[in-house]
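Here the structure is laid out as C-alpha cells; the discussion comes afterwards.
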Amino acid sequence: MAEPGSIADKVKQQADIVRLVGDYVRLKKSGQNFLGLCPFHSEKTPSFAVHPVKQIYHCFGCGAGGDVFKFIQEIERVSFPEALQMVADKAGVRLPERRPRTPEEARSTGLRTALTKLHEQAARFYQEQLHNSKEGKLARAYLNDRGLTDEVIKTFGLGYAPGTGDALLRRLRDAGAEKEALEASGLVNRDDRGTLYDRFRRRIMFPIASESGRVAAFGGRAMGDDTPKYLNSPETPIYQKSRVLYNLHRAKEAIRRNNYAVLVEGYLDCIGVHTAGVENVVASCGTSLTDLQVRLLGRSARNVVVSFDPDAAGVAATERSLNLLLEQGFQVRVLALPPGTDPDLFVREQGAAAYREKLKQSQPYLDYLVERARAQHDWRTQDGKIAALNYLLPYLARLPNKIRRAEWATELSARLSIEEALVREELRRAAVERRTEIKLRPEVAKVVERSEVKPAERRLLQILLENAEIRADILLELEDAGAHKGAGFERVFEQVLTLAREGTELTPAALADAETSGLSEAERRLVFELAFEEGQEALGSLEEARSCLAAMLRRKLEGELREVQRQIQEAEKAGDSGRLRTLLGQKQALRKSLAELH
Ligand SMILES: [Zn+2]
C-alpha cells in the first residue's frame, strides 16, 4: 500500500490509472468513470469501472478492485515492488536505489545473504552424498525403486543427508561459514552441551525453493524407521513456511500456460504428478494450505485442481483448502482418487495416462461436496436435507461472485428438492453476515428483523467514505457507542477506525487493502461498490449519519435486550434471585437507553 509521502505514493500521484489500465483494457468514458470489459473474468457487457479521480478500479462482476499497483500486480502477476517499478517506469518516475536504511537492516540483509549461500552449499553437499557415497547409493536405489529416474532426481535437486551427524557442519565450516549464520540457518542443531550437529541425518533431502528459485529450506524424509517420517527446516529469516509453495518456481510457467494449477500435499506426490507429464503442479508441504500460499498461487492462475489423498486426513485437508480457495475467488475442481491410494502411488501403479485421465474428469468442487454430503446424511428426510444444506452452505457462502452463488443455489435446491427462494435467501444472508449455520423457517422472522437495519449500516459507511468533513465527529460517536459491534459490517467499521487512529487517509484502496485489512471478499466488494455510488447524494449530512448511527445502536440494544430477557427467564426458572435482580437492573438500563434514542 502506498503510504502518504512515500515513494509509492509519489509514483501513484504521477501515474494516471486510466492510461495505465488502458494499456490492457479498452476503456470508454461513461459519466464520470471509464468502463470496459473486465480482464479478470470473462464477460460480454462491461462491468469493469475505473475511477479517474479516486484512482481506483472495480469490477462489479467478479469483485476485482484496488489501486494502480494492485491492478499491475494482478494483471502482470508480479509482487508489489515489481509493480511499483513498472508503474514508475510508465509514469516516468525514477525510483531511488534501495539502500539499507539502518545498521540493523544492513545486518539482517547480510544474514539473509549468508543463509542463502549456506543453503546453496548444503543443497550441493546433499546431492553429492546421494550420488557418490555408499549410504547415498542405498537412498538412490530406494528412489529409483519408487519410480524416480535419475533425471527426475536431478530436476528436483534431490539429495541425501548422511547419518554421521556432523558431515554437513564440517563442510560448511571448512567453507568459512560463521557461527551466527550456521545457527540461524536451521541446518544444524545444538545439543545440551552446546555442541552443534546436523539437523538432518539419514534422510532423503528435498530442497524447497522460494518463488525466485533460490533454495531456502529443506524437507527430509527418513530412510529407516526414524521419526518423524518427514522433518522440515524450521522458520528462518529466509524461510516462512506459510509463504512458500513447493515447486512453484518450476511450475509457474506451466501454470500460466495451462491457466490452472494442480495442488497436492506432499513432495513425492508433487514429483509423481510431475513425472506423469503434468508440470503445473505445486504442493503445500509441511503445512496445511495457508491464505498466503493461496494468494501466491493466485498470481499465476485462478483455477485449481485439488488432488489430495482420499483418506480421512486428506478429505479434511481438501475441505479446508476449498474454503481458502473459494474465499479468494478461485475456480476449484477436485480430483478424487480411489481409496487406499495417493497421487504418487496412483501414478506409479496406474501410469501417467491414467492420472491425466483422472485429471480431465475432475469434478467441480460443488459436485464433490454434494457427494460428500450425500454420503453423510440421509436426503430423504427433512432433517437430513437441512443437515446436508448446513454442510454445504459455508462453502457456497464463501463464493465472492454473486452470480455464481445464485447458480449454485438453483442447482442445490433442485438436487435437495428444497424451495429455491429459501436456499437463495439463506445463502445471500449467510454470505453477507458470514454465517456458517442455516436455520430454516422458524428463524426467518428474526432474520428479517435484523436485515431492516442493513441499509443504515451501508449508508453510514458510504457517508464515512465520502464525507471527510463530518468523518471525525461521526467516528468518535461510533466508537463511543460501539454501535458497530455485532453489525454485519463490523469488521469494515473496525478497519475505518484503525485507519483513523493511524492517521492514514481513508480511501477505498486503503480500506480494502487485502494485506492489512483482513476483510473478506464480500466486505471488499461493498467498499468498492460504495466508492462508485458517489455524487452529491452520497455525501449525506451530519443529521443523516447520526440517524444511521442511531438505527445501528437501536439494533444492537434490542439484541442485548432480547438476550437479557432470555437470561431473566433462565434465572426465574433456576430461582436465582440475586442474578434476577442484576438482570432486571440491566433490562431497565437498556430500556432507558432505547427510549433516549427515539
Ligand atoms: Zn471482473
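Here is how the numbers come out for the structure above:
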| item | result |
| --- | --- |
| Extension gain (nm, one decimal) between Gln85 and Arg256, 0.36 nm per residue minus Cα-Cα | 59.4 nm |
| Lys, Arg +1 and Asp, Glu -1 on Cβ, resulting dipole of region 504-557 about Cα centre, debye, nearest 20 | 440 debye |
| Spin-label model distance (nm) - Glu502 vs Ile386, 7 Å beyond Cα toward Cβ | 4.3 nm |
| Cleavage-rule hits (trypsin sites (Lys or Arg not before Pro)) in region 25-113: DSSP loop, at most 13 neighbouring Cβ within 10 angstrom | Arg26, Lys44, Arg94, Arg98, Arg101 |
| Per-residue [θ]222 nm for the chain (sum of -39500 (n - 2.57) over DSSP H runs n ≥ 4, rounded to 500) | -17500 deg cm²/dmol |
| Size of electric dipole in the chain: Cβ of Lys, Arg +1 and of Asp, Glu -1, about Cα centre, debye, nearest 20 | 820 debye |
| Fully extended contour minus Cα-Cα distance, from Ala595 to Arg356, at 0.36 nm per residue | 79.3 nm |
| Karplus-derived HN-Hα couplings along region 67-78 (A = 6.51, B = -1.76, C = 1.60, θ = phi - 60°), whole Hz, x at Gly and Pro | 9, 4, 5, 4, 4, 5, 4, 6, 7, 8, 6, 10 |
| Sequence of Cys285, Cys270 once ranked by neighbouring C-beta atoms within 10 Å, starting from the fewest | Cys285, Cys270 |
| Potential lengthening between Arg295 and Lys29 on full extension [0.36 nm per residue; Cα-Cα distance subtracted] | 92.6 nm |
| For the chain, Cys with no neighbouring Cys Cβ under 4.7 Å | Cys62, Cys270, Cys285, Cys548 |
| Efficiency of FRET from Cβ geometry, Val152 and Thr195, R₀ 41 Å, rounded to 0.05 | 0.65 |
| Region 314-420: chymotrypsin sites (Phe, Trp or Tyr not before Pro) in DSSP coil with no more than 11 other Cβ atoms inside 10 Å | none |
| Label-point separation in nm, Ala468 to Ala175, each point 7 Å along Cα→Cβ | 5.4 nm |
| Sparse-neighbour loop sites [GluC sites (Glu not before Pro); region 47-129; at most 14 other C-beta within 10 Å; DSSP] | Glu97 |
| Efficiency of FRET from Cβ geometry, Glu494 and Ser577, R₀ 45 Å, rounded to 0.05 | 0.70 |
| Estimated distance in nm for a label pair at Ile403 and Glu76, the labels positioned 7 Å out from Cα along Cα-to-Cβ | 2.9 nm |
| Antiparallel bridge percentage (DSSP; both residues within the chain; nearest 5) | 75 percent |
| Cα-only Debye scattering, the chain: base-10 log of I(q)/I(0) at q = 0.06 Å⁻¹ | -0.42 |
| Rg(Cα) / (2.2 N^0.38 Å) computed for region 1-130, rounded to two decimals | 1.45 |
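All of the numbers you see were taken from the coordinates with simple rules; none came from a lab. What you are looking at is a predicted structure, and each value in this text was computed from that prediction instead of being measured. Neighbour counts are summed over all protein chains in view; Cβ atoms, including those assigned to glycine, are modelled from backbone coordinates with ideal geometry.
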